[in-house]
Amino acid sequence: MLTNRQKISANGVLQWSTIRRLTEEVMQRMTVKAASSETPIGTLSGGNQQKVVIGRWVYAASQILLLDEPTRGVDIEAKQQIYRIVRELAAEGKSVVFISSEVEELPLVCDRILLLQHGTFSQEFHSPVNVDELMSAILSVH
């Protein structure tokens, strides 16, 4: 589950106790529901798999995260948890680019929304965003 070898190895030797501890910390922060930190990622629900992927990059100390449709195909509870995680990351000073085709969720996590038309920015919205105005702008672009 982890991606930052410098944090989990000493002189090139993997430290399994450190891996286990950090995996459990990431799982707790991301609210991943699994029987244990040894549970194969492929056996988790879609929402938990998404949270594991986000957690990997958070653990790797990434300052910019590009999340493309992070809530697609996940249940409402997992969506709420992903929104919480994104807001926490932004509060920590990380930049999060959140791409979504679900217009209603954008104002929940974005402080700025940019519309693209033919590869260039056509409009910009700042928080708070009115979903109806955003939808109208999207429809006028297409």
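May I ask what percent, to the nearest 5, of DSSP beta bridges between residues of the chain are antiparallel? The antiparallel proportion sits near 60 percent.
Which GluC sites (Glu not before Pro) does the stretch 36-96 hold that lie in a coil by DSSP with at most 13 other beta carbons within 10 Å?
GLU38, GLU92
The magnitude of the dipole of the chain, with charges of +1 and -1 set on the Cβ of Lys/Arg and Asp/Glu and taken from the Cα centre, is near 800 debye.
Phi-derived couplings, Karplus 6.51 cos²θ - 1.76 cosθ + 1.60 at θ = phi - 60°, listed residue by residue for the stretch 25-30: 5, 5, 4, 5, 4, 8 Hz, with x used for Gly and Pro.
Under a 5 Å amide H cut-off, with hydrogens placed 1.01 Å from N, SER45 pairs with nothing among residues at least 5 apart or on other chains.
Read-outs: derived from the displayed coordinates by stated rules, not from any lab. The structure displayed is predicted, hence computed values, not measured ones. As a convention, Cβ positions derive from the backbone with ideal geometry for all residues, glycine included, and neighbour counts pool all protein chains shown.
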